[in-house]
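Every read-out reported here was derived from the displayed coordinates using simple, explicitly stated rules and does not represent laboratory data. None of the values given here were measured: they were computed from a predicted structure. Cβ placement follows ideal geometry from the backbone for every residue including glycine, while neighbour counts extend to all protein chains displayed.
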Amino acid sequence: MTLDYHAVLVFLITGIVMVCAPLVMGALFRPNNPYREKGIPYECAEDPIGGAQVRFDMRFYTTALIFIVFDAEIVLIFPWAHVFKTHPEKGLAFAAGLVFATIVFFGLLYDWAKGDLSWVKTFRNKRRVQG
Amino acid sequence: MTSLIAFFEGLGLEGVLALSAAYALCIASLLGFITVYAMFAIWMERKVAAHIQVRYGPMETGAWHGWAQSVADAVKLLFKEDLIPPEGNKFLFWIAPAVVFCGVFAGFIAIPFAEGMQIVDLHLGVFFIMAIASVEVIGVIMAGWASNSKYSLFGAVREAAQVVSYEIPAATALLVPILVVGSFRLGDFNAFQADHGWLVLYNPFLTVAALIYFISSLAGCKRAPFDLPEAESELVSGFHTEYSGMRFSFFFLEEYASMFVAAALTATLFFGGWNLFPWGGGWEPAPLAPVILISKIFFFIFVQMWLRWTLPRLRVDQVMAMGYKYLVPWAFVCLIGAAWFEYMGWGGLFS
């Protein structure tokens, strides 16, 4: 069984070597003639304004947070799905899964109502409170 | 691989030598397989695209229907200059294609092509493939950030948001067959389906779960209609705008390799694996198993290509809404529904 996961490590390293080998090999044939214009990032032939390593949209952060919550929930439910078939008390196992899924479902509904699932966030609910 | 080690030990090699010989053989055959497959798939994609648009596609290179086009392209890419943006982060730029590729490459080792024809029989096979395939996102963010180009950055963060969102419905949909079979080992799914018929027909929830998984895997592989990270008309080429030559070709290779892994999971978990008929099997001669599985995989790859050249691209808000508002709730309904059917002892159209 440990052999299996040694193999994973070996294949991960091979993957990296496999990418590097043709690059090193290609260095023997390929031209290398960099000049300033080649180094400019592509922006439809305009000179770029400012750097590209800038702060980006807040929505990606919200998406990442929602993902982490759901991913943790998936990790918790994986063992449940695995043992369900062989569990001696199927009813209990089913009830446990149902309760868990209901809680997650209400979490999803909450996110939905807050508008975090919408890419274009609407402020309809907020306006209603103010108006 | 265990049998290969035994074989080399039978030839009189010592422990470590036998192990290294087995590894070398596995690595060489896997590399050969992926390279040949990717070249074939790229040629196939161009041909499928061309015929859907009523044209011929590549016809000149090689004698027959441009079969050598991908080989010629690979040689050309090897001779291309390797540009590294001087203002970007050189180390991240250098390592990103390797990170992207090694995850998918390691995913291949758990796919069973036939009984015993598998590099390692991981007891967490499904979980492992899912986990290792998502390493790709890290590489893509590295590539986008290190390129120092705004298009690359937008492509990378879009890709991160999209792939990460579609992992939730994909994982939940994969839980449904896991729940029915009660195992993570990919070989067990083949054995189960030999007795009970294809899982996609086992109960109605599994049919829906197969559909959900297929849609999410399209998004996970950045295939159209979910190819927003490299939407040509708005982001030039997405996160690999600044890449050229061999380095670019690894992103390409990774895309086709991950299509293969997604199609292999769909075929193995839902569509019978190496069992030919929907009502089960186990009677097919063993040498036929890889042929059956690979034909199914190529069928799903063909469907992915077919969708790419048929459906228009979605808008970014539609993509995000589709993931969380439709697929995630339906995947949960499938999971609980399948658990209910299992609890009641229903299911199994052919068992």
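Quick look at the values:
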| item | result |
| --- | --- |
| Subset of the range B:180-199 (residues that are in contact with a Gly (Cβ under 9 Å, 6 or more places away or on another chain), assigned to a helix (DSSP H, G or I) and either buried (at least 21 other Cβ atoms within 10 Å of the Cβ) or of a type outside the set (A, V, I, L, M) (or both)) | B:Val180, B:Leu186, B:Gly187, B:Asp188, B:Phe189, B:Asn190, B:Phe192, B:Gln193, B:Asp195, B:His196, B:Leu199 |
| Helices (runs of 4 or more DSSP H) completely within the range A:2-88 that count 3 or more residues being among the aromatic types (Phe, Trp, Tyr) | A:2-29, A:58-84 |
| Hits in the range B:298-319 - residues which are farther than 15 Å from B:Cys221 by Cα and in a helix (DSSP H, G or I) | B:Phe298, B:Phe299, B:Val316, B:Asp317, B:Gln318 |
| Pick from the range A:78-104, criterion over 25 Å from the mean Cα position of the chain (by Cα) and among the aliphatic types (A, V, I, L, M), ranking: nearest to B:Gly125 (Cα to Cα) | A:Val83 |
| Residue that is farthest from B:Arg308 (Cα to Cα) [pool: residues in the range B:11-34 that are among the β-branched types (Val, Ile, Thr) and either surrounded by 14 or more Cβ atoms within 10 Å (Cβ to Cβ) or in contact with an Asp or Glu (Cβ under 6 Å, 6 or more places away or on another chain) (or both)] | B:Ile27 |
| Set B:Ala264, B:Ala289: member being under 30 Å from B:Ser70 (Cα atoms), crowded, with 20+ Cβ neighbours inside 10 Å and in contact with a strand residue (DSSP E or B) (Cβ under 7 Å, 6 or more places away or on another chain) | B:Ala289 |
| Residue that is farthest from B:Ile34 (Cα to Cα) [pool: residues in the range B:84-125 that are among the small types (Gly, Ala, Ser) and in a loop (DSSP other than H, G, I, E, B)] | B:Gly88 |
| Residue within the range B:29-40 that is out of contact with any strand residue (DSSP E or B) (no Cβ under 9 Å at 6 or more places or on another chain), within 25 Å of A:Asp4 (Cβ to Cβ) and not in a helix (DSSP H, G or I) present | no |
| In the range B:67-91, residue surrounded by the most Cβ atoms within 10 Å (Cβ to Cβ) [restricted to those that are touching a helix residue (DSSP H, G or I) at 6+ places or on another chain (Cβ under 7 Å) and more than 11 Å from chain A (Cβ to nearest Cβ)] | B:Ser70 |
| Flag if B:Ala156 is touching a helix residue (DSSP H, G or I) at 6+ places or on another chain (Cβ under 6 Å) and without any contact (Cβ under 8 Å) to a residue 24 or more places away in the chain | no |
